[in-house]
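Asks: Mind having a look at this structure? Questions to follow.
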Amino acid sequence: MEEEGDIYDGVRAQFPLSFGKQSKPQTPLEAIHNATRRSTSTSNPNSKTTDQLPSLSSSSREWLNSLRPSKNPIPPPPADHDDAPLVGPPPPPPSASHDDDGDGDMIGPPPPPTNASESEDDSDEDEVGTRFRIPLSNEIVLKGHTKVVSALAVDHTGSRVLSGSYDYTVRMYDFQGMNARLESFRQLEPFEGHQVRNLSWSPTADRFLCVTGSAQAKIYDRDGLTLGEFVKGDMYIRDLKNTKGHISGLTCGEWHPKTKETILTSSEDGSLRIWDVNDFKSQKQVIKPKLARPGRVPVTTCAWDRDGKCIAGGIGDGSIQIWNIKPGWGSRPDLHIEKGHEDDISGLKFSSDGRILLSRSFDGSLKVWDLRKIKEPLKVFEDLPNHYGQTNIAFSPDEQLFLTGTSVERESSTGGLLCFFDRLNLELVSRVGISSTCSVVQCYWHPKLNQILATTGDKSQGGTHVLYDPTLSERGALVCVARAPRKKSIDDFEAKPVIHNPHALPLFRDQPSRKRQREKVLKDPLKSHKPELPITGPGFGGRVGTSQGSLLTQYLLKKGGMIKETWMEEDPREAILKYADAAAKDPKFIAPAYAETQPEPVFAKSDSEDEDK
């Protein structure tokens with residue numbers, strides 16, 4: 001007897017292929033991860049060759065290599081001679097195919113030194129990848145910001161990512177609800193016109209702290225709803241300990257690693273403050289750093305240690321000060337590293353055991369400090385350009401490595417890098433090119449996801465790069481990359497109604513602008529309460545009015561004919577000469593005084609001819 005499946009296949013063959021329910025084609029995971037695969041751009045920092053461009057992305061590196069002439073030009077072998085017998089000594093392997101021939105036995109003379117350095121770099125990359133298990137094979141970018149991304153925070157479960165930018169916004173990403181389009185599900189603007197400088201999750205991951213360039217920090221819940229903002233202090237009070245809050249822009253802020261009610265903030269006003277999130281009206285503690293001269297020096301960054309028993313602050317004069325939280329503690333630091341850096345400090349990071357402190361600065365250096373011997377740093381790493389005040393340092397989950405980002409310089413072809421350092425040997429392990437044009441600001445290696453997040457950007461763009469390895473990483477980017485975006489169905493189609501006369505109903509009328517409304521009200525004398533205009537026109541007797549007299553009696557006398565105005569119709573010369581005879585006979589003012597000495601006036605006699613004319 002035939003099986004049921006065979007019978008079904010035979011009947012199914014009689015129908016067209018489009019008949020019945022179609023199964024959706026599934027894209028294999030290998031193809032998905034191949035689309036996000038990075039080209040290897042790590043390098044061996046000990047390599048002394050100058051032709052190598054390890055810090056660039058793959059596209060920029062290939063472009064620059066194509067423009068640079070080779071020192072030892074080797075003509076490529078013809079393509080049609082692969083199967084032909086080899087005559088003469090074997091040619092040296094070309095640089096492009098050297099990686100494939102690296103596993104075989106070398107025959108003939110050694111390859112040129114440039115190719116040898118490339119083979120050493122490849123072996124070093126494999127060694128670094130196998131030794132430290134850095135997830136670098138694949139990469140996705142969380143876009144959306146229009147300027148450099150200066151703040152980054154990932155919750156402890158690794159499901160939600162927060163990114164803050166110089167474009168004044170905070171974007172929230174959810175790996176579990178995000179598809180391959182990698183779009184944020186919410187966008188916030190904490191303070192209009194203020195850059196976002198730091199973000200920090202609470203220990204329970206139900207709230208997060210947002211620090212901007214304003215003097216007030218804000219607290220949001222997990223979904224992005226505002227829970228409150230801390231009070232601003234009185235800027236006219238000289239002593240900072242008497243103010244209720246910061247009086248100048250914030251620079252950094254972190255949530256307590258253990259206590260969910262306590263946070264720490266630093267500001268440009270020269271103070272650090274500890275707050276209780278249940279009381280937004282006043283702080284718990286004010287810390288004033290120790291200064292060589294009295295004044296206000298900004299505190300550029302701050303950090304908790306792993307247990308929350310120690311606070312570190314980076315001061316604007318280049319010093320690093322550390323306070324131990326204990327009963328009766330005050331502003332006097334327990335450890336004071338004078339002249340820790342030559343410029344402002346952008347990031348501080350404690351190790352889990354509390355013995356090592358890492359510091360990052362604008363002077364282009366990263367220093368490793370042993371808190372038991374603070375006179376000199378254990379190691380100083382130079383040539384790490386930094387142009388952003390939020391550039392930080394991060395540890396790997398096992399703390400064998402620590403990493404930081406670099407900024408793009410104007411005259412350099414090197415892009416933004418992610419540099420990995422070995423904590424045990426205190427040496428540079430690897431440099432990974434993240435972007436050829438944008439600087440790397442913040443970085444974070446998540447312990448549960450085993451994925452590295454790095455924020456980049458410049459004046460016109462910004463994004464968060466997520467580096468992962470399908471064989472080493474878990475969840476996070478692996479979940480959203482494999483989830484295809486939902487296709488639009490016929491049920492999603494909505495026909496927009498055609499309105500032939502849009503202004504017929506009040507519903508479809510455009511709201512008039514406020515300016516036009518004000519102009520319309522001003523023209524209405526009743527709504528604008530416009531006062532009566534003043535009386536204008538010709539008047540009489542010093543009074544102005546259309547009735548030629550503002551008094552009722554003057555109006556009536558004029559209308560009755562008692563007041564006659566003849567001066568408007570009279571010749572001025574005749575009006576003056578009619579008083580000439582009276583003035584000559586009976587002078588009243590000047591004439592009697594000069595009667596004896598005044599000569600007689602002699603008037604010119606007019607000719608009859610002129611008068612006739």
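Asks: For the range 134-201, which whole-number percentage of the solvent-accessible area (1.4 Å probe, protein heavy atoms only) is attributable to carbon and sulfur atoms? Mind showing how you got there, number by number?
Replies: Numbers: 1020 of 2470 Å².
Carbon plus sulfur share of accessible area: 41 percent.
Asks: Taking all protein chains as present, what is the carbon and sulfur share of the accessible area of the range 206-294, in % to the nearest whole number, probe 1.4 Å? Could you put the intermediate results ahead of the total?
Replies: Details: 1800 of 3990 Å².
It is 45 percent, rounded to a whole number.
Asks: Per residue, how many Å² of accessible area does the range 125-486 show with a 1.4 Å probe? Let's see the in-between values first.
Replies: Numbers: 15160 Å² over 362 residues.
Per residue, the range 125-486 has an accessible area of 42 Å².
Asks: Could I ask something else about it? Counting other Cβ atoms within 10 Å of each Cβ, which GluC sites (Glu not before Pro) in the range 393-491 have at most 10 and sit in a DSSP loop?
Replies: Here the sparse-neighbourhood loop sites are Glu411.
Asks: Once phi is turned into ³J(HN,Hα) by the Karplus curve 6.51 cos²θ - 1.76 cosθ + 1.60 with θ = phi - 60°, what whole-Hz value does each residue of the range 176-184 show in order, with x for glycine and proline?
Replies: Taking θ as phi minus 60°, the curve returns 6, x, 9, 9, 5, 6, 6, 9, 6 Hz for the range 176-184.
Asks: May I ask you to list the trypsin sites (Lys or Arg not before Pro) in the range 395-498 that are in a DSSP loop and have at most 10 other Cβ atoms within 10 Å of their Cβ? Let's see the in-between values first.
Replies: Values: sites: Arg410, Arg423, Arg431, Lys448, Lys459, Arg475, Arg483, Arg486, Lys487, Lys488; in loops: Arg410, Arg423, Lys448, Lys459, Arg475, Arg483, Arg486, Lys487, Lys488.
For trypsin sites (Lys or Arg not before Pro) across the range 395-498 that sit outside H, G, I, E and B with at most 10 neighbouring Cβ atoms in 10 Å, the list reads Arg410, Lys459, Arg486, Lys487, Lys488.
Asks: Per-residue HN-Hα couplings for the range 384-401, Karplus 6.51 cos²θ - 1.76 cosθ + 1.60 at θ = phi - 60°, whole Hz, x for Gly and Pro?
Replies: 10, x, 9, 10, 10, x, 10, 5, 10, 10, 9, 9, 6, x, 8, 6, 7, 10
Asks: Tell me whether the range 355-474 comes out rounded, prolate or oblate; compute the Cα gyration tensor, take square roots of the eigenvalues as a ≥ b ≥ c, and use a/c under 1.5 as the rounded threshold. Mind dumping the intermediate values first?
Replies: Numbers: a/c = 2.03, a/b = 1.16, b/c = 1.75.
Since a/c reaches 1.5 but b/c is at least a/b, the shape of the range 355-474 is classed as oblate.
Asks: Grab the other residues whose beta carbon is less than 13 angstrom from that of Ile287, score K and R as +1, D and E as -1, and report the net.
Replies: Numbers: positive: Lys241, Arg273, Lys284, Lys288, Lys290, Arg332; negative: Asp269, Asp334.
Around Ile287, the surrounding residues sum to +4.
Asks: Then there's this: Rounded if a/c is under 1.5, else prolate if a/b beats b/c, else oblate: with a ≥ b ≥ c from the C-alpha gyration tensor eigenvalues square-rooted, which is the range 137-246? Could you put the intermediate results ahead of the total?
Replies: Numbers: a/c = 2.70, a/b = 1.96, b/c = 1.38.
It is prolate, given that a/c is not under 1.5 and a/b is the larger ratio.
Asks: Which residue, Gln461, Trp445, Thr212, has the largest displacement toward the positive end of the dipole of the range 125-486 when charges sit on each Cβ (Lys, Arg +1; Asp, Glu -1)?
Replies: Thr212
Asks: Here's something else I'd like to know. Would you list Thr243, Thr597, Thr157 from the most to the least accessible area, probe 1.4 Å? Could the numbers behind the result be given before it?
Replies: Numbers: Thr243 5, Thr597 110, Thr157 70 Å².
Of Thr243, Thr597, Thr157, the descending order of accessible area is Thr597, Thr157, Thr243.
Asks: How do Met568, Met178 stack up against each other in accessible area, from largest to smallest, with a 1.4 angstrom probe? Before the final figure, lay out the partial values.
Replies: On the way: Met568 130, Met178 5 Å².
These residues rank, largest area first, as Met568, Met178.
Asks: Also: Which pairs break 21 Å Cα to Cα here: Lys244/Lys309; Lys244/Lys288; Lys258/Lys284?
Replies: Values: Lys244/Lys309 24 Å; Lys244/Lys288 14 Å; Lys258/Lys284 17 Å.
Over 21 Å Cα-Cα: Lys244/Lys309.
Asks: Express the carbon and sulfur contribution to the solvent-accessible surface of the range 328-416 as a percent, rounded to the nearest whole number, probe 1.4 angstrom.
Replies: Details: 1700 of 4260 Å².
Using a 1.4 Å probe with all protein chains present, the range 328-416 comes out at 40 percent carbon and sulfur.
The values are calculated or read from the model by the stated rules, or taken from the named source; none is laboratory data. The structure displayed is predicted, hence computed values, not measured ones. FYI the Cβ positions are ideal-geometry reconstructions off the backbone, even for glycines, and counts take in every protein chain you see. All accessible areas refer to the heavy atoms of the entire protein, side chains included, with ligands and DNA or RNA removed. Shrake-Rupley method; radii C 1.70, N 1.55, O 1.52, S 1.80 Å.
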